[in-house]
1. Mind checking which chain D residue has its Cβ closest to the axis relating D to C, and how many whole Å off it is?
2. Which order results if C:His101, C:His80 are arranged by neighbouring Cβ count within 10 Å, fewest first?
3. Working from Cα positions, state the angle (0 to 90°, nearest 10) between the long axis of helix D:102-119 and the longest principal axis of chain D.
4. Along each of its three principal axes, how wide is the spread of alpha-carbon positions in chain D, in whole angstrom units, largest first?
5. Over 5 Å intervals from 0, what percent of Cα-Cα pairs in segment A:12-86 sits in each interval?
6. Run the label-point distances for D:Pro11 please: 7 Å along Cα to Cβ, every other copy, nanometres, shortest first.
7. Return the average number of partner chain Cβ atoms within 10 angstrom of each residue Cβ along peptide C:118-125.
8. Consider just the alpha-carbon atoms of segment C:41-96 and return their Rg together with their Dmax, both in angstrom.
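Derivation of every value follows stated rules applied to the coordinates shown; laboratory data play no part. Note that the structure is predicted; figures quoted are calculated from it, not measured. Cβ placement follows ideal geometry from the backbone for every residue including glycine, while neighbour counts extend to all protein chains displayed.
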Amino acid sequence: MSLIFKKRTLDNMELEVIAYGIARDILGHPHLKLVVATPLTVAALLEELKSRYPAFRELASLAIAVNASYATPEQVIVAGDEVVIIPPVAGG
Amino acid sequence: MSLIFKKRTLDNMELEVIAYGIARDILGHPHLKLVVATPLTVAALLEELKSRYPAFRELASLAIAVNASYATPEQVIVAGDEVVIIPPVAGG
Amino acid sequence: MKITVELLDTPLSTAVCQPALANEGAGGIVWFVGTVRNQTEGRTVRRLEFEAYTPMALAELRKIGEQACARWPVQKMVIHHRIGTLAIGDIAVIIGVACPHRAEAFAACQFAIDTLKQTVPIWKKEFFDDGAVWVAAHP
Amino acid sequence: MKITVELLDTPLSTAVCQPALANEGAGGIVWFVGTVRNQTEGRTVRRLEFEAYTPMALAELRKIGEQACARWPVQKMVIHHRIGTLAIGDIAVIIGVACPHRAEAFAACQFAIDTLKQTVPIWKKEFFDDGAVWVAAHP
């Protein structure tokens, strides 16, 4: 699945987002390919995901991991980053 | 070992006290036979033991069990009771 | 190794975790063992599935161990978490902590399971007779 | 049986205790495992001996279980305490508690070991190279 969103007249980059658990169910697929305007912050990615898939707004929480670590909202995602949607965890 | 102590002109009874741990070391024997004036309270027994064996006064605590339960100081010991000296416990 | 963490798709046991805590200096070991309950809010659970974002889950588990070691005098710590399909009564997670004194071991073990449930990217789907839900997904 | 208590003169193991906690409703099991430390206040412990006033020790252990059940929703509880001669690293005591939720299991298990150390008539003698002491006997 591919979505293209551009907000500014900046360079674009291809981004693949990986989804687990209920996030995968919401996307309908474990991967989401995007072409995004750079620089892309984690906060902007979350907003875009919630706007395209309103079901994300109903979750108890929604985080983004970049390269296997929780990312802050201000963090900028760059080409080559491993980006994963983290819906509410429930280990243990 | 036998000790006899009478404080009052009341009936006497024979009493065997059992000792564990450091209490046995202090008595030098796992059993102590006493002839005691009745009624005998737990507090009176403890006082008698501490007076005859001052090493008991140096312990962190000293309790008496009657019939496999901790006894209160006021509790009266009667013939046939199983009386055990309980020095500081250290299980676990 | 002071901290041992694993994600396993085979049954867990404290016996398997035990060697990771071997330490002659330890006075107190506390284990938390989380099992699959047969009920959630009155509904009968038939089985459940755990999935993990593996590299991050392992990193977050290790981070929990490091945080515990920073707060308490932990001598050894082991965390095994199950993934895949589990039946009722199966062990989902084992956390073992060895400390010189027991109060520290209790505190560190409880911190570890509390934090695990908040931070480690593992997801649990419970299957009932009439459907399935992702646990904790919705408020 | 909801509460299982034993004094054993053979090695302890959680595997042996485990069946006493079998309960499909349990969500959290907390174990405390107390082992023989190799040092006490800097002196090297070679071995130790536990002796118990057996009938009262069993009664007091059972009482701890009953008190825990009165304070927390304990589903099952097991306490095994070792007696006789122990070597460094040997397990002295195992306490296992199964509760619907983990916080209760942690609290009940910690209560049990704290209370055990205060009330159960078991005495510990530590043997060093140059003598032996009854643990906790003196202030």
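1. So the closest residue, with its distance, comes out as D:Trp31, 2.
2. Details: C:His101 13, C:His80 23.
Fewest to most other Cβ atoms nearby, the residues stand as C:His101, C:His80.
3. 40 degrees
4. Answer, in whole Å and largest first: 51, 25, 24 Å.
5. Per 5 Å bin, starting at 0, the Cα pair percentages come out as 3, 17, 31, 29, 17, 3, 0.
6. Ordered by increasing distance: 2.2 nm.
7. Mean partner shielding for this stretch: 6.
8. Reported Rg and Dmax, both Å: 14.4, 41.
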